[in-house]
Amino acid sequence: MSRVLVTGGAGFLGSHLCERLLERGHEVVAMDNQVSGRTENLDQIFYHDAFTYYEHDVTKFIHISGELDWVVHLASLASPTFYRANPIKTLKVGALGTHKTLGLAKEKGASYLFTSTSEVYGDPEVNPQPEDYWGNVNSYGPRACYDESKRYGESLVRAYRDEHDLDVRVARIFNTYGPRMRTDDGRVIPTFVRQALSGEPLTVHGDGEQTRSFCYVSDLIDGLLALKQSEVQTPVNLGNTDERTILDLAETIIEVTGSENGITHEARPPQDPSVRRPDLEKARSELGWEPTVSLRDGLERTIEHFESVV
């Protein structure tokens, strides 16, 4: 089977992907600088015969001895708490990290998978968002360090495809959740679950009518693997079309956890997107993929995990 480098391998998505690749018989090399990733996410596979881990910053020169068949670039400060605290590092991972990993793939003759984000669509003026929508992003706004790092990364991947004939894949990942998310990462599901389990009221921004679509981690990993196995070299949305208001999400988490602490409201962050839902037609037709885990089932699994760590 193939030998795969996964950057961000100690992170939430990266650790799940490393596990699944090992289950499929691949050799996996994981790399992470542990700004937001944690090696305990890799506890179940750390001593696997086909697994190697390096603590390394992907914005620095990368050396991997031996052959590589795939480079999967997941390294990213994807949560608001981390990218707002580290805007320059976020931009460098999207720019320099993508450049370094593309160069490595070119050197090794490897295929390359870049994990982009639904944030390339910004605060969208169309809903759902198809891949051919160019987005509504403020390049000088409070979220720009993350949004623009991914938009630039996509452009760089396209340039390597066109100039060096590199075999590439681009996944635009929508809100994903599940076990191994950090309770302090600022994203809405871990924040709500932590608050519910800690006896705090859930903090809803604004009136809670803004929407998101939440994809359980196992479905997302299935989508990444389907994209990897495909021949699609243009961006593909991966997410769930089950669009919910934030208020509905809060009420569902209160119901599942049995919380009796209610909801409080705070001002919405500046330029917080009003809607978010993927158009999955391309993923269905080109990859034969769509998510199967319901929000309720996914939340129950996630809450069970958080009960052991909160």
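Somewhere in the range 211-224, is a residue in a loop (DSSP other than H, G, I, E, B) and surrounded by fewer than 19 Cβ atoms within 10 Å (Cβ to Cβ)?
no
Could you list all residues from the range 31-50 that are at pLDDT below 95 and exposed (fewer than 14 other Cβ atoms within 10 Å of the Cβ)?
If the condition is that a residue be at pLDDT below 95 and exposed (fewer than 14 other Cβ atoms within 10 Å of the Cβ), then GLN34 is the only one that fits.
Being within 28 Å of ARG24 (Cα to Cα), in contact (Cβ under 8 Å) with a residue 12 or more places away in the chain, outside any helix (DSSP H, G or I) and of a type in the set (Val, Ile, Thr) narrows it down to one residue among THR264, THR203, THR292, THR302; which is it?
The conditions single out THR292.
Quick check on LEU91: is it within 24 Å of GLN233 (Cα to Cα), out of contact with any Phe, Trp or Tyr (no Cβ under 9 Å at 6 or more places or on another chain) and among the aliphatic types (A, V, I, L, M)? I'd like the intermediate steps shown before the answer.
Working: within 24 Å of GLN233 (Cα to Cα): yes; out of contact with any Phe, Trp or Tyr (no Cβ under 9 Å at 6 or more places or on another chain): no; among the aliphatic types (A, V, I, L, M): yes.
No; evaluated as a whole, the condition is false for this residue.
Determine whether the range 51-66 contains at least one residue that is small (Gly, Ala, Ser) and buried (at least 24 other Cβ atoms within 10 Å of the Cβ).
No - not one qualifying residue is present in the range 51-66.
Just wondering, is there one or more residues in the range 228-243 that are over 30 Å from ARG24 (Cα atoms), in a loop (DSSP other than H, G, I, E, B), touching a residue at least 60 places away in the same chain (Cβ under 8 Å) and touching a strand residue (DSSP E or B) at 6+ places or on another chain (Cβ under 8 Å)?
Within the range 228-243, not a single residue is over 30 Å from ARG24 (Cα atoms), in a loop (DSSP other than H, G, I, E, B), touching a residue at least 60 places away in the same chain (Cβ under 8 Å) and touching a strand residue (DSSP E or B) at 6+ places or on another chain (Cβ under 8 Å).
Identify all residues within the range 72-117 that are outside any helix (DSSP H, G or I) and not hydrophobic (A, V, I, L, M, F, W, C); write none if there are none.
Scanning the range 72-117 gives HIS73, SER76, SER79, ASN86, GLY109, SER111, TYR112, THR115, SER116, THR117.
For the range 84-135, what are the residues that are in contact with a strand residue (DSSP E or B) (Cβ under 7 Å, 6 or more places away or on another chain) and aliphatic (A, V, I, L, M)?
Within the range 84-135, LEU102, LEU104, ALA105, ALA110, LEU113, VAL120 meet the criteria.
Within the range 64-81, identify whether any single residue is without any contact (Cβ under 8 Å) to a residue 40 or more places away in the chain and not polar (S, T, N, Q), and answer yes or no.
No, the conditions are met nowhere in the range 64-81.
For residues that are among the aliphatic types (A, V, I, L, M) and under 17 Å from PRO273 (Cβ atoms), scanning just the range 101-149, find the one that is surrounded by the most Cβ atoms within 10 Å (Cβ to Cβ).
Residue satisfying both the conditions and the ranking: VAL120.
Anything in the range 71-82 that is buried (at least 24 other Cβ atoms within 10 Å of the Cβ) and in contact with a Ser or Thr (Cβ under 6 Å, 6 or more places away or on another chain)? List them, or say none.
The answer is VAL71, HIS73, LEU74, ALA75, LEU77.
Looking at the range 4-20 only, could you name the residues that are out of contact with any His (no Cβ under 7 Å at 6 or more places or on another chain) and not aliphatic (A, V, I, L, M)? Break it down stepwise before answering.
Quick first cut of the range 4-20, residues out of contact with any His (no Cβ under 7 Å at 6 or more places or on another chain) only: 5-6, 8-20.
Result: GLY8, GLY9, GLY11, PHE12, GLY14, SER15, HIS16, CYS18, GLU19, ARG20.
Which residues, taken from the range 2-30, are surrounded by fewer than 24 Cβ atoms within 10 Å (Cβ to Cβ) and on the phi > 0 side of the Ramachandran plot?
GLY25
The values are calculated or read from the model by the stated rules, or taken from the named source; none is laboratory data. These numbers come from a predicted model, not from an experiment. Note that each Cβ is placed from the backbone with ideal geometry, even for glycine, and that neighbours are counted across all protein chains shown.
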